[in-house]
Structure formats: C-alpha cells, structure tokens
C-alpha cells in the first residue's frame, strides 16, 4: 500500500483503474459479479474474510471491564478491518487496471497475489524510469476454474458452521447455570429478529454461491461447489469416528 501511495503521488493522482463515477465503487469490473445473484454469492467471501472473530469470546473473562470493552473492541476491530480491506482494494487500482492485467484467463485465485505484486513492481519501475521487467502470468482457464472451485468450496465450508452457531444461540440463551460476565444480546424479540436476519443472509450467500454456476451453465463448477463440501465433510466425519473408535480400543 505504501508503494502504491508513492506511485499515486508521483503520477499526480492518476489511477490505473480510473474512477468514472459512483459505479466505480459499487459495480465490480469482474463479470462474474455483475448480476444480483452473483453479488449475493460474494457474501461467503466476506464471511470467510471476517471469520474467526467469534473465537475472541473465549477470552472475555480476561478483558478488563468486559461488559464495556469487549463489544467496543469487536466494533473497533470490524471498522478497522472494513477500512483496511476498502483502502487495500482502492490502492490496487492505483497500479492495476482490471481489463489490462486481471481480466483474462491467465489470472486465477491461485496466482493473483503474484500477478498483483509483479505488476506493482513493473508499474513502479516504469513510474521512476527504471527497467521495464515484465511480470509472467501463469495458468490457464482450467487452472482458473480449479482455483475457483477450491475457493467456493472453502468459502461454503467456512460459512455453513455459522448457521449452526446462530441456530444454537437461542438455546444457549436459555441455559441458566452458565456464569456470564455480561449479556450483550438479551432474551427477547430483538435477539430473535437479529438471529433470523443473519440466518437468512448467510443462507442466501451459500445458496447463491451454489446457484450462480448453474445459472451460468458451468455445471462442473456447480457440481463440485455443492458436492465438494459434502464429500469432504463426510470424509472428515468418517476419520473422526475412526479416531474415536481407535481411542476406545486403546483404552480397553
């Protein structure tokens, strides 16, 4: 980001991906996310990026004045992460034009980081009149589809457990024998409404991630996006059961 800032200043504010209006901020240049259904499927990407914040609940008892500081910390962390992602994406546009660099079959989810870094070096060198080293893009349409399938499967696998967490929350609230340092969501209709909204949004994101390839008639991606998490989930469950069985045999 620091290098992009320098390039932006040297180029007198010129962006490789120019801003042409409000659509530059709300419309993706990626043709895979140009319709409402595809846009909804992007929810699972967002869940994956912010996933893990719920694990901080395990250290609530170590926080000074948790009733006040823990919610504040979660909100501040969410704001910082949102701003960081937003500015990072913006500064990618300082040196990278989607149509010229990223919008082709040679760039995929597996090599995009290397492409961006190589392009950043190329543009920086060109900006300062240095050697014009050309970044090598690798991979083809097959590789692109492969990484897309892996990413979709990973995102769905990460998002589905949140449905169980949210669905179990009302039952957790009913438990009386648990010592709670503070209560952020109090029992009542507001908590139920929030739970229903979150379940609805996450379910839509998962559903649209699976439906989008079908609408695009990319049935291979659709098949593995849906079957992949089920297959590997079943495989994980079988390995777990086998491990439990072996432990019981050793205990005998």
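Things to note:
- Extension gain from residue 60 to residue 46, taking 0.36 nm per residue of separation minus the Cα-Cα distance: 2.6 nm
- Its residues counted as N, the chain yields a C-alpha radius of gyration over 2.2 N^0.38 Å of 1.27.
- Stretchable slack from residue 80 to residue 14, in nm (0.36 nm times residue separation minus alpha-carbon distance): 21.1 nm
- Seen against the Cα atoms of the chain and their longest principal axis, helix 66-95 is set at about 20 degrees.
- GNM on the chain, alpha-carbon springs under 10 angstrom: the most fluctuating residue among 29, 229, 161 is 161.
- Considering only 82, 95, 225, the Gaussian network model of the chain with Cα springs below 10 Å gives its largest mean-square fluctuation to 82.
- Rounded FRET efficiency, nearest 0.05, which uses the C-beta distance separating residue 183 from residue 244 and R0 of 41 Å: 0.70
- Axis of helix 112-127 versus longest Cα principal axis of the chain: the two differ by about 30°, to the nearest ten degrees.
- Helical contribution to [θ] at 222 nm, DSSP H n ≥ 4, -39,500 (n - 2.57), averaged over the chain, rounded to 500: -22500 deg cm²/dmol
- Take the Cβ atoms of residue 150 and residue 223, set R0 to 22 Å, and the FRET efficiency comes out at 0.95.
- Principal-axis analysis of the Cα atoms of the chain puts helix 189-215 at an angle of about 50° to the longest axis.
- Rg to Rh quotient for region 141-252, alpha carbon positions, Kirkwood Rh: 1.12
- Using the Cβ-Cβ distance between residue 197 and residue 88 with R0 set to 35 Å, the FRET efficiency works out to roughly 0.80.
Bear in mind these aren't lab numbers, they're just calculated from the coordinates by the rules spelled out. Predicted, not measured: the structure shown is a model, and the values here were computed from it. A quick note on method: Cβ atoms are made from the backbone with ideal geometry, for glycine too, and the neighbour counts reach across all protein chains shown.
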